[in-house]
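The values are calculated or read from the model by the stated rules, or taken from the named source; none is laboratory data. All values derive from a computational prediction rather than experimental measurement. Cβ atoms come from the backbone with ideal geometry, glycine included; neighbour counts cover every protein chain shown.
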Amino acid sequence: MSSKCDKAADARECVVRRKSGAAETERQAFGKGMRDGIPIGLGYLAVSFSLGIVARNVGLTPFQAFLASLLCNASAGEYAGFTSIGAQAAYLEIAAVTLIANARYLLMSCAMSQRMRPGISIWHRLFMAFDITDELFGIAIARPGFLNPFYTYGAVLTAAPCWAFGTALGTLAGSLLPARLVSAFSVALYGMFLAIIIPPGRKDKVVAVLVALCFAASFAASKLPAISGLSEGTRTILLTVLLAGGAAALFPRDPEEET
């Protein structure tokens with residue numbers, strides 16, 4: 001090991017090798033990524049089925065839903081995009097609401113960039129950034145040492161198609177199933193969102209109050225004369241920026257506590 005470290009181009013990489021053992025090959029990293037992506041893909045298949053029901057309700061075909069999920073692996077972002085399509089929003093508005101809904105992935109990208117081996121090509125960085133989701137980020141950032149791009153590629157190759165096919169299957173099922181059953185499946189996606197917001201709300205009172213405030217503000221915006229005239233996508237953009245910005249300004253996180 002000492003001879004390998006003497007030849008290592010980067011001292012940081014040498015330290016990581018001492019701590020975690022010999023560096024794995026690209027093939028090994030790819031295989032581990034595919035293995036770890038299997039349970040994520042199975043979860044995606046179930047969740048995206050409900051998203052496909054939403055896609056069908058706004059008039060998308062199974063192929064259009066498949067393509068949308070293949071290019072945008074984000075439940076909240078896709079839901080915001082689909083509902084904007086259903087409201088016949090402008091292209092710029094759809095792009096803006098999707099960007100805001102997926103803004104957290106910018107922070108995840110920054111975190112992953114700090115774990116990249118120095119000198120890694122821009123193409124690896126772009127391909128890794130293309131498919132950052134909460135789950136794929138979690139398994140990648142938990143690995144010791146520098147992030148191996150091929151680990152991410154393996155996980156994406158397993159998980160991303162499941163997300164896309166699940167959406168297409170949901171859209172197809174929405175066209176074949178009875179209207180009442182389609183309506184019941186549509187509620188499943190809201191259950192997923194509740195599963196996302198309830199656990200943090202129990203741990204943090206600020207989050208709980210903010211969630212309740214978001215529900216109230218969204219309802220009020222749909223009724224108030226001055227705001228209700230705006231499209232649903234525009235209201236979502238305004239409320240997201242105002243409420244998230246206000247919460248960040250009034251209740252900033254302590255960096256030491258987060259660490």
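If I filter the stretch 230-250 down to residues being more than 24 Å from the chain's Cα centre (by Cα) and either of a type in the set (A, V, I, L, M, F, W, C) or modelled with pLDDT of 75 or more (or both), which single residue comes out as surrounded by the most Cβ atoms within 10 Å (Cβ to Cβ)? Break it down stepwise before answering.
Taking the stretch 230-250 first, the residues more than 24 Å from the chain's Cα centre (by Cα) are 230-231, 249-250.
Still in the running and either of a type in the set (A, V, I, L, M, F, W, C) or modelled with pLDDT of 75 or more (or both): 230, 249-250.
Numbers: Leu230: 14, Ala249: 8, Leu250: 9.
Among those that are more than 24 Å from the chain's Cα centre (by Cα) and either of a type in the set (A, V, I, L, M, F, W, C) or modelled with pLDDT of 75 or more (or both), it is Leu230.
Could you list, in sequence order, all residues of the stretch 48-97 that are touching a Gly at 6+ places or on another chain (Cβ under 7 Å) and among the β-branched types (Val, Ile, Thr)?
If the condition is that a residue be touching a Gly at 6+ places or on another chain (Cβ under 7 Å) and among the β-branched types (Val, Ile, Thr), then Ile53, Val58, Ile94, Val97 are the ones that fit.
Could you check the stretch 112-138 and list, in sequence order, the residues that are polar (S, T, N, Q) and touching a residue at least 24 places away in the same chain (Cβ under 8 Å)?
Thr133, the sole residue that qualifies.
Can you find even one residue in the stretch 111-127 that is within 15 Å of Leu71 (Cα to Cα) and part of a helix (DSSP H, G or I)?
Within the stretch 111-127, one or more residues are within 15 Å of Leu71 (Cα to Cα) and part of a helix (DSSP H, G or I).
Looking at the structure I just gave you, is Gly77 in contact (Cβ under 8 Å) with a residue 24 or more places away in the chain, in the same structural domain as Thr152 (by TED's automatic domain parsing) and under 17 Å from Ala164 (Cα atoms)?
Yes: the conditions hold for Gly77.
Would you say Leu71 is surrounded by fewer than 20 Cβ atoms within 10 Å (Cβ to Cβ), modelled with pLDDT under 85 and more than 21 Å from Lys32 (Cβ to Cβ)?
No: the conditions fail for Leu71.
Have a look at Leu99, Leu136 and point out the one that is farther than 19 Å from Glu24 by Cβ and either part of a helix (DSSP H, G or I) or out of contact with any His (no Cβ under 6 Å at 6 or more places or on another chain) (or both).
Testing whether each residue is farther than 19 Å from Glu24 by Cβ and either part of a helix (DSSP H, G or I) or out of contact with any His (no Cβ under 6 Å at 6 or more places or on another chain) (or both) leaves just Leu99.
Look through the stretch 128-152, keep the residues that are surrounded by fewer than 17 Cβ atoms within 10 Å (Cβ to Cβ) and touching a helix residue (DSSP H, G or I) at 6+ places or on another chain (Cβ under 7 Å), and return whichever of them is farthest from Asn73 (Cα to Cα).
Pro144
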